[in-house]
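I have placed the structure first, in the form of structure tokens, so that the comments after it can refer back to it.
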Amino acid sequence: MSKKLALLIVATLSLGMMLVGCKSESPTDVVNEYFEQIKKGENEQAAEFIESTMSQTKEETSAQAEEETDKVMEEALKIYLSKIDAKVLSEKIDGDNATVEVELNAPNFSNMMMEVIGESLSAAFSGEEMDEDYMSQSLLEKVKSSENEPRTGKISLTKGDKQWKIKSDDVMLGLILGEYNGEGGTESN
């Protein structure tokens, strides 16, 4: 489950990173558009990429069970992304590079994943069997009942061909997913 989930998350976020602004858009405009597309989940390229990524990672399991688990994971990710609210705090432009500081209010996805993994390990040590479907359902329920927490971070952009483009980096991933801290709260700077 975690390999598929990681690929699904990376696919979704990577496609957002490919957003470029029109010639008249500022770095702030590009960042705002990025978060709007991520939140809405309406990017056709993202849907196609996610679908191809999921089909490439299928293991030797029942096709029906695999499809059901994938649907649950996609629903969990869609709900999670819909809960993200971003607000630009500042913008700094230095030639062809820019930094946009944002405050993000979103659940801490990393903490939720670690809770699911911890629960499955605990169950395994108790002799219970936890399959991917159970873990996916558990994550979905955690996402549905999750509450937003604030985090801040800086998003780097570069300008090429008179267009701003978001750079993909670990700070961006940590900002969107949250960082595991074992308690449910995080702030990324």
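The values are calculated or read from the model by the stated rules, or taken from the named source; none is laboratory data. Please read all numbers here as calculations on a predicted model, not as lab measurements. Here Cβ is always computed from backbone atoms with ideal geometry, including for glycine, and neighbour counts include all displayed protein chains. What goes into the accessible areas is simple: the full protein's heavy atoms, side chains included, and nothing from ligands, DNA or RNA. Shrake-Rupley method; radii C 1.70, N 1.55, O 1.52, S 1.80 Å.
Restricting things to alpha carbons, tell me how big region 75-147 is in terms of Rg and Dmax, in Å.
Just the Cα atoms of region 75-147 yield Rg and Dmax of 17.8, 60 Å.
If only Cα atoms are counted, what is the Rg of region 109-186, and what is its Dmax, in Å?
Expressed in Å, the Cα Rg and Dmax of region 109-186 come to 17.2, 59.
Would you be so kind as to identify which of Ser110, Gln137, Ile155 lies farthest towards the positive end of the dipole of region 106-165, taking Lys and Arg as +1 and Asp and Glu as -1 on Cβ and the Cα centre as origin?
Ile155
Quick one: accessible surface of Tyr180, probe radius 1.4 Å, all protein chains present, in square angstrom to the nearest 10.
130 Å²
Evaluate the distance, in nm, between pseudo-label points positioned 7 Å from the Cα of Met114 and of Lys144 along their respective Cα→Cβ axes.
Spacing of the two 7 Å Cα→Cβ label points: 2.5 nm.
What FRET efficiency comes out for Asp133 versus Leu89 if R0 is 41 angstrom and r is the Cβ-Cβ distance? Round to the nearest 0.05. Numbers along the way, then the final one.
Values: r = 41 Å, r/R0 = 1.00.
After rounding to 0.05, the efficiency reads 0.50.
By how many nm would the segment from Ser168 to Ile79 grow when fully extended, if each residue of separation counts as 0.36 nm and the alpha-carbon distance is taken off?
29.8 nm
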